[in-house]
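Taking it in order: structure first as structure tokens, then the write-up.
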Amino acid sequence: MQLSDFRYALRLWKRYPTLIVVAGLSLGLGVGATTTMYSVVNNVSHYQLRFQDPDRLAVLWQTDKEHGTGNRLVDWEMAQMVLEHGRSFESFGFFQGGGAPVTLSGVEVSRVFQMPVNANGLAITGITPFLGRTYRTEDFEDVVKQKEARSIVVSYETWQRLLGGAPDVIGKTIHVDGEPRTVIGVMPREFRLVPWADDIAFWAANDLRRIPKATWMIAAGRLKPGVTPAQAEADATVIVRQVLESRGEKPGLAGAHVELLHDAYFRGARDGLTFLLGAVSFVLLIACANVANLLLAAGAARQKELAVRAAAGAGRRRLVQQLLTENLLLSLVGCAFGLALAFLGIRLFAWVIPAGFPELLRHNPIDLRVLGFALAISVFSSLLFGLIPALQASRVDLNEVLKEGGRGGSGTRRRGRAALLVAEVALAMVLLVGAGLMLRGFLREQSDLPGFPTERLMTGEILLGGTRYFDKTPQDMNLVTPLCEAFFDQVLEKVRALPGVKQAGIISKLPMQVQPFPFTIVGRPEPEADKRPRADVNEVDAQALDTLEIRLLRGRGIEERDTASSPWVAVVNKTFADRHFPGQDPLGQAIRVSMGDPGPKDAPSVDEPQPRTIVGVVADVTYPAFFNEKPAAIYIPFRQHVWQYAREDEWIHTRKAIALRTTVEPLTLVPAVQAAVAQVDRDQAAHDFKTMDDRVRSSPSVTNSRFFASLFTIFGSLAILLAMVGVYGVMSWVVGQRTGEFGIRMALGARAWDIISMLLRQSLRPILLGLFLGALGGFGLSRALNAVFFRMTSADPLVFGLIALLMLAVALGAAWVPARRVTRIDPQQALRYE
């Protein structure tokens, strides 16, 4: 390319300022939207783990291709064998992938999250504590809950916020779930063992040597220098199979999988964000189609100019070079505008992202990668979609140009513009269908949940912790104590006596949350362990279902007489009755529930000691749309329970949501309820108080659907704007190029409305074809969305119909504006046109 080509292109822009502005804005909108989403994907894909040599940290998984089992956690014993007998790892550290709620007291009573690790779980990162030290083996000489070191390492934020930033914090004692714990270290500011876990107050070390075959933590190893994950995987696979054989298991196709820690953290998030990047790329494609259409039209208008240059000796290659130079300059304008929009788009993304999403997604810098991406897609898009117009425009024939009179363009060009218009309308239709489906799903989700009256209904949570309420056994089982029942009984007695409380009850978890447990039906053949039916199980007191106003359909509800010494009973929901007792009376049938999941061999369960008789059937509540089918539900009395639970399953007994139906403004009762809890046990706390309406609005299902609906609405709005500009641009050029023809028609007696009708009919054909193809694409998108959101985004005929009508109205409106210019044509002036 020559400098003269750039100077000529700049001079040419003065002749076609409208074309340059429209093309630049179209390309800028596409580049800006795509760059915004790419900046988020780039942030996640290249997030720098703030560890020492993070590229040498990898996760060890166990796999079993024969049974279709993907990445499974490995136990401490297996990781130790890989460490001792392999040649790939220097060390292993274990940590839990998320936080576990506990009650912190001794400074102020508050609910915080701890993250279980093993002795090497923090040291594996290579990060030195801000104060004190991390864990050592000797810390396990003084343990609580059989295996947890009494010492703890706190986060910098906890040190500042809850411990006052005291410089002498090392050695200070605080209480966690009522147990005194000693602070031995403070990690640096913004240290995140797991990037998604922003709210970890401290890390608690567990002695995995005491439970060597338990699999509940992630095994992260530090690779030896020069060892790749593939080499480590081959090495570990051999050892994993040997360990399985030594345990009497058949290894079959079992093996190991080793992936970098960064990939283990961000694989799922990156896939979801890449899906959104693919969706917003439709906006870029529409913008490119706009640019191509405008360049085709401009090429038709410049036929005489290019013919003269060809007659003066310019070869086709020289003409294409000149036209591509103009496209390159146009791409730079689009890139600059796109980057300006991307800065705004990143702030908009941070604004629409739900509150529960990780903080790192709110900070997406425009770095050199993002700048390079914006420039690359701008240049590539402009050159790629400008190549065909350039080739068309450079194919000049002086005789043909003189015949055409510089008007209208060839049939090939008209067909090309029509095809691009079809593509624009179809792509916009696809995005609008996605926006419509997500928006309708969001509105339906918000209006349907939770399926029972929410007026003046307040909820809060209480999670009992400490050895007063449960303790570990040497087999890593959790033994609950009678003090749990006593605690909740006393709290309920005090809360029900508060002025303004109409009714109060407790339930293990609120109905929008689901935790399925396996069960069997007495009298039917015993299914295999991993094929047992499952149902959502909840412990409730006698007033819980009445407080929530979940209607009783048959039989009776849970009553005060349902104690440990009386026959064990259960109340099921309508879905349970219809699914497991079709055409039968479920009342009087017996079931036996297992507390835990006996499917995977690394997840033990505890069968209840006696069957439960179904005494009542209640109405279904509404469950979030991410469940692909309505869960069957079982409600059991909180006084009828097993005393020993498998690891972490004791929550069903120790954790309760408290629900209050009030006669006053619900949240005004929060201090009184907190005081009632403190009177029963000052080391426990009630927290997360919300009205049921607020809980629905802030539930993950609703906030996630609102987030995706917002994004698709933004994408769809940009798409329909660009499609409207595309239709307007094409019709403007058609009207401008055919002014002489329209003058002749009107001179021969044609009315202006006849010509407008003809133009609208001609534009209607590509629009309708685009709508048809867009509907097919929208149906495919609905299938893809439904794979992610299950019942959220079914192919709704109402949505398809309304979107099609909207697109048709907008497209015809965009075509009407330039077509209406025909009414202002003076036939005599049109005949003298040119």
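Using the basic label-point model (7 angstrom from Cα toward the beta carbon), what is the ASP142 to ASP754 distance in nanometres?
Result: 10.2 nm between the two label points.
Which order do the peptides 363-370, 653-660 come out in when sorted by mean C-beta neighbours inside 10 angstrom, highest first?
653-660, 363-370
Residues with beta-carbon under 13 Å from that of GLY557, excluding GLY557: net charge, scoring Lys, Arg +1 and Asp, Glu -1?
Local net charge: -2.
Could you give the nm distance between label points at ILE170 and GLU77, where each point is 7 Å from its Cα heading toward the beta carbon?
With each label placed 7 Å out from Cα toward Cβ, I get 3.8 nm.
Can you pull a Stokes-Einstein diffusion coefficient for the range 413-464 at 37 °C (0.692 mPa s), Rh from Kirkwood over Cα pairs, as a whole number of µm²/s? Don't skip to the answer; put the middle values down first.
Values: Rh = 15.3 Å.
Rounded to a whole number, D works out at 214 µm²/s.
Work from the charge dipole of the range 421-521 (Cβ charges, +1 for Lys and Arg, -1 for Asp and Glu, about the Cα centre) and give the residue of PRO518, THR467, GLY505 farthest towards its positive end.
The residue sitting most towards the positive pole is GLY505.
Expressed as a rounded percentage, what relative contact order does the range 540-680 have, with Cα pairs under 8 Å and six or more residues apart?
It rounds to 32 percent for the range 540-680.
Tell me the per residue accessible area of the chain using a 1.4 Å probe; a whole number in Å² is fine.
Normalised by residue count, the accessible surface of the chain is 42 Å².
Please list the helices of the chain that count as membrane-span-like by this rule: a mean Kyte-Doolittle hydropathy of at least 0.5 together with Cα atoms stretching 24 Å or more along the helix axis, each helix being a complete DSSP H run. Don't skip to the answer; put the middle values down first.
Values: long enough: 17-45 (40 Å, 1.16); 229-246 (25 Å, 0.17); 261-301 (57 Å, 1.21); 316-352 (51 Å, 1.12); 368-394 (36 Å, 1.70); 411-448 (54 Å, 0.53); 700-737 (55 Å, 1.25); 752-789 (52 Å, 1.11); 797-819 (32 Å, 2.20).
Membrane-span-like by this criterion, though nothing is claimed about a membrane: 17-45, 261-301, 316-352, 368-394, 411-448, 700-737, 752-789, 797-819.
Let me know the shape class of the range 643-721, please: from the alpha-carbon gyration tensor, a ≥ b ≥ c as square roots of the eigenvalues, rounded when a/c is under 1.5, otherwise prolate if a/b is greater than b/c, or oblate. Please report the intermediate quantities before stating the final value.
Values: a/c = 4.02, a/b = 1.84, b/c = 2.18.
Cα axes put the range 643-721 in the oblate bin.
Expressed in nm to one decimal, what extension gain is obtained for the pair ALA590 and ARG362 from 0.36 nm per residue of sequence separation less their Cα-Cα distance?
Values: separation 228, 0.36 × 228 = 82.08 nm, distance 5.11 nm.
Full-extension gain reported as 77.0 nm.
Which trypsin sites (Lys or Arg not before Pro) in the range 545-654 pass both tests, a DSSP loop state and at most 16 other beta-carbon atoms within 10 Å?
Working: sites: ARG551, ARG554, ARG556, ARG561, LYS574, ARG579, ARG592, LYS601, ARG612, ARG639, ARG647; in loops: ARG551, ARG556, ARG561, LYS601, ARG639, ARG647.
Hits after loop and neighbour filter: ARG551, ARG556, ARG561, LYS601.
List the equivalent ellipsoid semi-axes of the range 464-561 in whole Å, largest first, each obtained as the square root of 5λ for an eigenvalue λ of the Cα gyration tensor.
The answer is 29, 23, 12 Å, longest axis first.
Ignoring any ligand, DNA or RNA, what whole percent of the accessible area of the range 152-230 comes from carbon and sulfur when the probe is 1.4 angstrom?
Carbon and sulfur atoms account for 53 percent of the accessible area of the range 152-230.
Over the range 154-292, what is the mean sequence separation of C-alpha contacts under 8 Å (at least six apart), divided by residue count, expressed as relative contact order in percent? Mind dumping the intermediate values first?
Details: 83 pairs, mean separation 23.4, N = 139.
Computed over the range 154-292, the figure is 17 percent.
Would you mind listing how long the chain runs along its three principal axes, going by Cα atoms, in whole Å with the largest first?
Taking max minus min along each principal axis of the Cα atoms, the chain gives 104, 66, 56 Å.
Does the range 103-157 come out rounded, prolate or oblate by the C-alpha gyration tensor, with a ≥ b ≥ c the root eigenvalues, rounded set by a/c under 1.5 and, if not, prolate when a/b is larger than b/c and oblate if not?
Oblate shape, in that a/c is at least 1.5 and b/c is the bigger or equal ratio.
The values are calculated or read from the model by the stated rules, or taken from the named source; none is laboratory data. Note that the structure is predicted; figures quoted are calculated from it, not measured. We place every Cβ from the backbone using ideal geometry, glycine too, and count neighbours over all the protein chains shown. Calculation scope for accessible area: heavy atoms of the full protein, side chains included, ligands and nucleic acids excluded. Shrake-Rupley method; radii C 1.70, N 1.55, O 1.52, S 1.80 Å.
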